[in-house]
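The values are calculated or read from the model by the stated rules, or taken from the named source; none is laboratory data. Owing to the predicted nature of the structure, the values given are computational and were not obtained by experimental measurement. Virtual Cβ from ideal backbone geometry, glycine too; neighbours counted across all protein chains shown. Ligands, DNA and RNA are stripped out before the accessible areas are found, and what is left, the full protein with its side chains, is counted by its heavy atoms. Shrake-Rupley method; radii C 1.70, N 1.55, O 1.52, S 1.80 Å.
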Amino acid sequence: MKKRVVLAYSGGLDTSVAVAYLSHEFDMEVIAVAVDVGQNDDFESMRQRAIDSGAVEAVVVDYKNEYSDKYLTRALKSNALYENRYPLVSSLSRPAIVKVLVEQAEKFNATGIAHGCTGKGNDQVRFEVSIRALAPHFEIYAPTRDWNMTREESIDYAQSKGVTVPITKDKLYSIDENIWGRAIECGILEDPWNRPPDDIWSMTRVTQNEPTETVISFESGVPVALDDKKMSFLQIISELNSLVGSYGFGRIDMVENRRVGIKSRETYEAPGALALIQAHRDLEGVTLERNLAHEKITIEPKIAELIYDGLWFSPLMEAYGQFIDSSQKYVTGDVRIQLAPYSCSINGRKSPYSLYDYNLATYDATDSFNHSDAEGFVKLWGLGISTWAQKQKGV
Ligand code: ARG
């Protein structure tokens, strides 16, 4: 009996070649599983392409809501930005995809799970570590990595097996997309000095020039409404992707440190994600107590790094997750964001749990702050410094 394997299928070059490779060179039954995490694809023709490439079965699983509610909420509550810039578009989708792959592998009685990642990237790490965390009994196959073909050779191999690939040799970007944003790499972008060509951007193009304001409402750290209209988190992200994107805001061009030790030039567009993180952070400004806010800021980059490094399913992530959830109890309220060409800024914020006290903050007559308390406080705060200045400084 042939071995049966579930393959994470995207319809792109690498995974189409992987279907052909696993069926022809490994003599396996390939079940292609495409997980819809909000990439704008034609899933019906993708399914057909998988079958044409040699898959015995091809399934599409709509996982957009689970992805938003279980993965992206945590990223947003954590203001997760890798190296302080990248909202972890691809990094977040991989553990979600693996969750679906494991379910499908069990359903189809497969003995292995395959992915189409190369050996130089982060995604192989995320797929394999997540599989080992969730279902260590499955064998793991990485045909694209094993074969190590150039992209041109892959195209030739695909064509020799009658596999149609949606890519030509002169336009060699590698694009990964989901509801949280879009990553574009390879081709002319591999020289970090080259300006990203205009044609790489699809979510962030200026079609609006009149500035506008929109209000995002949060409940316990999660967006629940836009301009008072209640919506699912998924709907809010997608509305914001088109609105914020139409002002051209949300582009990132950076050289980042991959987990495998390579520096890599990456371009991203994540209009909704970046606007949401900005608004969420701002709301935390009025709702988080000072020590909690400062502690949270120290762990946010660690959470981003865990996500980037493929450790979504890990005990440290679980523990951080509980800290984050607990920190969000009162992160409820509204943020006014202002959009203009290539910019997104904050106009105002309010919360029923706001710790901002007008009468304490004001310099006008309603001031309720006890000024005489300050004198003694400042003296004691600086007591150690005064002592040091007298006894040691300049000695
Ligand atoms: N560098 C990003 C990351 O590691 C994006 C990876 C995009 N993957 C792709 N196949 N284009 O998260």
Taking protein heavy atoms only, a 1.4 Å probe, and rounding to whole percent, the accessible area of the chain owed to carbon and sulfur comes out at 50
Mean shadow area (nm²) of the C-alpha convex hull around segment 157-240 is 9.4
Residue 135 neighbourhood, Cβ < 14 Å, K/R = +1, D/E = -1, net charge -1
Expressed in angstrom and ordered largest first, the alpha-carbon extents of segment 69-151 along the principal axes are 37, 34, 17
Here FRET efficiency (C-beta to C-beta, residue 347 to residue 175, R₀ 51 Å, nearest 0.05) is 0.90
Probe 1.4 Å, heavy atoms of protein chains only: per residue, the accessible area of the chain in Å² is 49
Segment 1-91 -> Rg/Rh from Cα coords, Kirkwood Rh, value 1.09
What helix-only [θ] at 222 nm does the chain give? Using -39500 (n - 2.57) per DSSP H run of at least 4, over all residues, to the nearest 500, the answer is -12500 deg cm²/dmol
At the level of C-alpha centres, the distance separating segment 115-185 and segment 17-48, in angstrom, is 11
In the chain the DSSP beta bridges are antiparallel at a rate, in percent to nearest 5, of 70
Going through 99/263; 64/230; 120/302; 296/329; 296/379 one by one, the pairs whose alpha carbons sit over 20 Å apart turn out to be 99/263; 120/302; 296/379
By the Kirkwood definition, with r running over pairs of different Cα atoms, segment 243-395 has a hydrodynamic radius in Å of 19.9
Rounded to the nearest whole number, the per residue volume of the convex hull around the C-alpha atoms of segment 44-201 in Å³ is 145
Log10 I(q)/I(0) at q = 0.06 Å⁻¹ for the chain, from Debye over equal alpha-carbon scatterers, is -0.30
Checking segment 193-254 for trypsin sites (Lys or Arg not before Pro) in a loop per DSSP with at most 13 other beta-carbon atoms within 10 Å yields 205
Eigenvalues of the alpha-carbon gyration tensor of segment 5-55, times 5 and square-rooted, give semi-axes in Å, largest first, of 19, 10, 9
Expressed to two decimals, segment 306-362 has a Cα Rg over Rh, using the Kirkwood radius, of 1.16
Volume per residue (Å³) of the convex hull spanned by the alpha carbons of segment 176-318 is 150
Cα extents of segment 211-277 along the principal axes, largest first, in whole Å, come to 45, 29, 14
Around residue 145 (Cβ within 11 Å, Cβ-to-Cβ, excluding residue 145; K/R +1, D/E -1) the net charge comes to -3
Here, trypsin sites (Lys or Arg not before Pro) of segment 92-137 satisfying both criteria (DSSP loop; at most 16 other Cβ within 10 Å) are 120
The answer for the net charge of residues other than residue 192 whose Cβ lies under 15 angstrom from its Cβ, with Lys and Arg +1 and Asp and Glu -1, is -2
